[in-house]
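Scroll down for the structure; my scribbles are underneath it.
The values are calculated or read from the model by the stated rules, or taken from the named source; none is laboratory data. Since the structure is predicted, the reported quantities are computational estimates derived from the model, not experimental observations. All Cβ positions, glycine included, derive from the backbone under ideal geometry; neighbour counts span all protein chains shown.
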Ligand code: ADP
Ligand code: MG
Ligand code: MG
């Protein structure tokens, strides 16, 4: 699904190099977790993969579904089923959530050669997904993320993922700011979306999320590189003694 080799990237505005050679392979249906200290480059990696304009790739390669990822415009990556849920979802005043979701969904359907949903068809498509996320239908008619609580914004991100029917979901700290019940709902929704083909790359600081969404691999990022890869045992080590512990263990 996604093969990243020695990826290097810098911030366009300052020229500061943030990714210093990230390599990771995510196969179809696999769930990967990325952990790591604040500032280690987790969000930057997520954003570089979807083509965020603040960053420039300075080295390395990335193949997504057999194509050179960096040959694809950000919109094309989205049409190809690559999805990023943002750590801090943006508010879009003046645009209703349902219109926004339908536009995004139809853009992907069009790119895939499928017929676009009219408003009624889209309602039929979105309602079961709202139920999966335990979201009230009134959220459809509110402006995108405007006045949403932190937890509601996170649910809304997963609603987008569900509506788009993405193939590879990159979830950046979807657990941050969630209470226990919201975390369970969001995790259940992500699990509910999991098919043998769908892949997940999730960035998190906490074990809680990984108890709900079981990763096949856990990676630790440090200074713009993945320095450790393994299974849940890595998380146990981290919870016991923090990132310093991992160094002594390695
Ligand atoms: P993480 O998600 O692991 O906490 P980030 O990828 O957000 O880390 O950030 C890595 C480093 O890059 C941090 O020092 C952060 O301040 C810096 N950084 C990332 N994006 C930008 C940006 N657009 N402008 C300036 N600094 C940035
Ligand atoms: Mg962070
Ligand atoms: Mg981050």
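When 93, 128 are checked against the criterion of being loosely packed, with under 12 Cβ neighbours inside 10 Å, more than 16 Å from ligand 1 (Cβ to nearest atom) and without any contact (Cβ under 8 Å) to a residue 24 or more places away in the chain, 128 stands alone in meeting it.
Search the stretch 188-209 for residues being more than 13 Å from the chain's Cα centre (by Cα) and buried (at least 20 other Cβ atoms within 10 Å of the Cβ), and hand back the single one that is farthest from residue 41 (Cα to Cα). In this case the residue turns out to be 189.
Within the stretch 72-79, the presence of at least one residue that is touching a strand residue (DSSP E or B) at 6+ places or on another chain (Cβ under 8 Å), assigned to a loop (DSSP other than H, G, I, E, B) and more than 15 Å from ligand 2 (Cβ to nearest atom) is confirmed. With respect to the conditions (1) under 18 Å from the mean Cα position of the chain (by Cα); (2) surrounded by 18 or more Cβ atoms within 10 Å (Cβ to Cβ); (3) farther than 28 Å from residue 246 by Cα; (4) touching a residue at least 40 places away in the same chain (Cβ under 8 Å), residue 100 lacks only one, and its number is (1).
One residue stands out in the stretch 210-250 among those that are closer than 22 Å to residue 29 by Cα and out of contact with any strand residue (DSSP E or B) (no Cβ under 7 Å at 6 or more places or on another chain): the one that is surrounded by the fewest Cβ atoms within 10 Å (Cβ to Cβ), namely 233. Residues in the stretch 13-22 that are part of a strand (DSSP E or B) and surrounded by fewer than 16 Cβ atoms within 10 Å (Cβ to Cβ) were compared, and the one that is nearest to ligand 1 (Cβ to nearest atom) is 17. Filtered by the rule that a residue be in contact with a helix residue (DSSP H, G or I) (Cβ under 6 Å, 6 or more places away or on another chain), away from ligand 2 (no atom under 16 Å from the Cβ) and in a strand (DSSP E or B), the stretch 196-227 gives a lone residue, 218.
The single condition among (1) closer than 29 Å to residue 209 by Cα; (2) surrounded by fewer than 15 Cβ atoms within 10 Å (Cβ to Cβ); (3) in contact with a helix residue (DSSP H, G or I) (Cβ under 6 Å, 6 or more places away or on another chain) that residue 138 does not meet is (3). Consider residue 151 against the criteria (1) modelled with pLDDT under 90; (2) under 20 Å from residue 45 (Cβ atoms); (3) in contact with a helix residue (DSSP H, G or I) (Cβ under 6 Å, 6 or more places away or on another chain): it satisfies all of them except one. Which criterion is unmet? It fails just one condition, (2).
The listed residues are 166, 162, and the only one of them that is more than 16 Å from ligand 3 (Cβ to nearest atom), closer than 18 Å to residue 30 by Cα, in contact (Cβ under 8 Å) with a residue 24 or more places away in the chain and in a loop (DSSP other than H, G, I, E, B) turns out to be 166. Only residues that are away from ligand 3 (no atom under 14 Å from the Cβ) and part of a strand (DSSP E or B) were counted across the stretch 23-59, and they come to 10. Residue selection: residue 182 fails the criterion of being in contact (Cβ under 8 Å) with a residue 12 or more places away in the chain and part of a loop (DSSP other than H, G, I, E, B).
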